[in-house]
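*Asks:* Here you go, one structure.
Bear in mind that the values in this text are calculations on the coordinates, not laboratory data. From a predicted model like this one, the values you see are computed outputs, not experimental measurements. Reconstructed Cβ throughout: ideal geometry from the backbone, glycine too, with neighbour counts over all protein chains shown.
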Amino acid sequence: MKKPMTFAVCGFGNRGMEAYSAYAKNCPEQMQLVAVADLLPERRKAAVETFGVAPERVFDSAEKLFQAGKLADVLIIATQDRDHVPQALKALDLGYDLILEKPISPDWEECIALRDKAVETGRNVVVCHVLRYTPFYSTLKQMLSKGAIGTLRTIDAVEHVAYWHQAHSFVRGNWRSSEETSPMILAKSCHDMDILRWLADAPCHALSSFGHLSEFKAERAPEGAALRCLDGCKVKDTCPYDAEHIYLDHETTGYRSGAHGWPATVLCNGTATEEKIYQALKTGPYGRCVYHCDNDVVDHQVVAMEFENGVTATFTMTAFTRENRRTIRLMGTLGEIEGDMLSHQIVYRPFGKPVEHIDCNNAKATSGHGGGDGGLMQAAFALFSGETGEALTDIRASVDSHLMALAAEESRTHGGKTMVLNQD
Ligand SMILES: NC(=O)c1ccc[n+]([C@@H]2O[C@H](COP(=O)([O-])OP(=O)(O)OC[C@H]3O[C@@H](n4cnc5c(N)ncnc54)[C@H](O)[C@@H]3O)[C@@H](O)[C@H]2O)c1
């Protein structure tokens, strides 16, 4: 029997631990976690106690992990956005194949430097564009490849972030400040840029973008709003962003409603309890009023794009939706396709023929990111072990999607000016 490939994780948080390592735990015959680096003691403890990593292979910084040399076949880098490239460059020098969390970097020069280094060292760098590995988007791609709607001409895609998800990640949480991490269009929507480029099947030629932070700022605060939700806020009962409601009672994210994983584990730095959540709401960033945070990323943005093969696309990202989902319409010369990633449903409307309903909801689709987290791990390990020749998310295509996102941000901050993209 073939030996499992070994992997190490740099950044053992929500993604490194809860998504990828948790998935790998169920596939010990294929992938085995053997080393971890994380700044937080609770997460290092979980590496030893829950994932069985030898204590001498658990490090309290990325630097110490790298100083120990190459400890595994594969390294997963899941630290914060601005640390990815410096760590990835060191890892390539050590000879690791990489699974790298998106975004590669908010800095364009760094994206290019990593792409070039991957080519120079001949190592694989799979960027976690997990959506490509979902049954939903892979069905859309297959339909287009088979010519189901003739020649694709137009795409209309919407990312419904959801009001509670915006509040958690992009107002109170890690991705609230574009200086500290990344602009919204990169942090949240580089996945969408990647999917649009993949479905259009050509690099983007030009784009223009508009968007604003309109709601989550002090002048929009209702009268009587306190600085923290638990500090006697007078609008607590009517405010949908009330932190106690979102983290304790909300149907999707509330601990008391059964949501014991994300986002509760983010507030508690690991295993969540009601007591730890209350403590975090009293003193930590997630208990702050959404109108009184130090956030600057946009809450709605639109991008209009033209691809090199003439396909045109529009993309909308908005915080102001009830559910967190993505919808898409693909329009071609012989028909159209409509899809909703939350329900995993696709409606196929060929011209002059009956409408068909396609259900992509299967056991795989219900796991993390609509099946994308596990799908990516499977595909990356198959690539690294030589079972398949090419990753769906090649670093070069990933760099293209980052260029689109960075150009969209440049356009947005310059009044929507048209950006012509040079892919060289
Ligand atoms: N692919 C996706 O769909 C997806 C979804 C969410 C987040 N992300 C990306 O994944 C990355 C991680 O996000 P997360 O939600 O897991 O964040 P997180 O804060 O839960 O985890 C990051 C971990 O890295 C550790 N860390 C930071 N600097 C370190 C260092 N120098 N050495 C060792 N450990 C270090 C932190 O202690 C933390 O535990 C981010 O870049 C984020 O943008 C990707």
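*Asks:* Across the stretch 87-223, how large is the tail of the calculated P(r) beyond 22 Å, expressed as a percent of all Cα pairs?
*Replies:* Of the Cα pairs, 53 percent sit more than 22 Å apart.
*Asks:* Quote the Stokes-Einstein diffusion coefficient, in whole µm² s⁻¹, for the stretch 12-164, based on the Kirkwood radius over alpha carbon pairs, a temperature of 4 °C and a viscosity of 1.567 mPa s.
*Replies:* My calculation gives 74 µm²/s for D.
*Asks:* Shifting gears a bit: Suppose every Lys and Arg Cβ carries +1 and every Asp and Glu Cβ carries -1, with no other charges. What dipole size does the stretch 218-287 come out with about its Cα centre, to the nearest 20 debye?
*Replies:* Charge dipole of the stretch 218-287: 160 debye, to the nearest 20.
*Asks:* Evaluate E = 1/(1 + (r/R0)^6) for Lys2 and Lys25, where r is the Cβ-Cβ distance and R0 equals 25 Å; express this FRET efficiency to the nearest 0.05. Kindly include the intermediate steps, with their values, before the conclusion.
*Replies:* Values: r = 19 Å, r/R0 = 0.75.
E(calc), rounded to 0.05, equals 0.85.
*Asks:* Farthest toward the dipole's positive end in the chain, which of Asn295, Pro86, Leu267, given Cβ charges of +1 (Lys, Arg) and -1 (Asp, Glu) about the Cα centre?
*Replies:* Leu267
*Asks:* Please name whichever of Val355, Gly335, Leu140 sits farthest to the positive end of the charge dipole of the chain, dipole taken about the Cα centre and charges placed at Cβ: Lys and Arg +1, Asp and Glu -1.
*Replies:* Comparing the listed Cα positions along the dipole, Val355 ranks first.
*Asks:* To the nearest µm²/s, what D does Stokes-Einstein give for the stretch 1-57 at 10 °C and 1.306 mPa s, using the Kirkwood radius over alpha carbon pairs as Rh?
*Replies:* Working: Rh = 11.3 Å.
For these conditions, the coefficient is 141 µm²/s.
*Asks:* Next up: Could you give the nm distance between label points at His212 and Thr388, where each point is 7 Å from its Cα heading toward the beta carbon?
*Replies:* About 4.4 nm, to one decimal.
*Asks:* Next question. Taking the Cα centre of the chain as the origin, how large is its charge dipole in debye, to the nearest 20, when only Lys and Arg (+1) and Asp and Glu (-1) carry charge on their Cβ atoms?
*Replies:* Dipole magnitude for the chain comes out near 580 debye.
*Asks:* Give the residues of the stretch 172-211 whose amide nitrogen is closer than 15 Å to a point set 7 Å from the Cα of Glu109 in the direction of its Cβ.
*Replies:* Hits in the stretch 172-211 for Glu109 at 15 Å: none.
*Asks:* State, to one decimal in nm, how far the label point of Thr273 lies from the label point of Leu39, with both points 7 Å from Cα in the Cβ direction.
*Replies:* 2.6 nm
*Asks:* Given an 8 Å cut-off on Cα distances and at least 6 residues of separation, report the relative contact order of the stretch 1-79 as a percent.
*Replies:* Once divided by the residue count of the stretch 1-79, the mean separation gives 43 percent.
*Asks:* Taking one equal scatterer on every alpha-carbon of the stretch 230-369, how large is log10 of I(q)/I(0) by Debye at q = 0.16 1/Å?
*Replies:* Here log10 of I(q) over I(0) equals -1.01.
*Asks:* Sticking with this structure for a sec: Label-point separation (nm) for Ala202 and Thr312, each offset 7 Å from Cα along Cα-to-Cβ?
*Replies:* In this crude label model, Ala202 to Thr312 measures out at 1.3 nm.
*Asks:* Need the list of lysines near Lys70 for cross-linking: C-alpha distance under 26 angstrom, and skip anything on the same chain fewer than eight residues off.
*Replies:* Correct list for Lys70: Lys2, Lys3, Lys25, Lys45, Lys90, Lys102, Lys117.
*Asks:* If you don't mind, another one. Just subtract the alpha-carbon distance of Glu323 and Asp249 from 0.36 nm times their residue separation and send over the number in nm, one decimal. All intermediate terms of the calculation are to be shown ahead of the outcome.
*Replies:* On the way: separation 74, 0.36 × 74 = 26.64 nm, distance 1.58 nm.
Taking Glu323 through Asp249 to full extension adds about 25.1 nm, to one decimal.
*Asks:* Can you give the percent of C-alpha pairs in the chain whose distance is more than 30 Å?
*Replies:* Numbers: 39768 of 89676 pairs.
When every Cα pair of the chain is considered, 44 percent fall beyond 30 Å.
*Asks:* Related question: Can you find, among Ala19, Met305, Gln166, the residue farthest towards the positive end of the dipole of the chain? Put +1 on the C-beta of Lys and Arg, -1 on that of Asp and Glu.
*Replies:* Of the options given, the answer is Ala19.
*Asks:* Also, quick follow-up: Return the long-range amide H neighbours of Asn124 (sequence gap of 5 or more, or a different chain), with a cut-off of under 5 Å between placed amide H atoms.
*Replies:* So Asn124 has HN proximity to Leu98.
*Asks:* Regarding the stretch 149-234, what is the average projected area of its C-alpha convex hull, in nm²?
*Replies:* 8.1 nm²
*Asks:* Using +1 on the beta carbon of Lys and Arg, -1 on that of Asp and Glu, and nothing else charged, what's the dipole of the stretch 335-424 about the Cα centre, debye to 20?
*Replies:* 160 debye
*Asks:* Please pull out the direction-averaged projected area of the stretch 218-287, using the convex hull of its alpha-carbon atoms, in nm² to one decimal place.
*Replies:* Hull-based average projected area comes out at 4.6 nm².
*Asks:* Can you tell me the relative contact order of the stretch 58-154? Whole percent, Cα pairs under 8 Å, sequence separation 6 or more. Working shown, then result.
*Replies:* On the way: 99 pairs, mean separation 21.2, N = 97.
So the answer I get is 22 percent.
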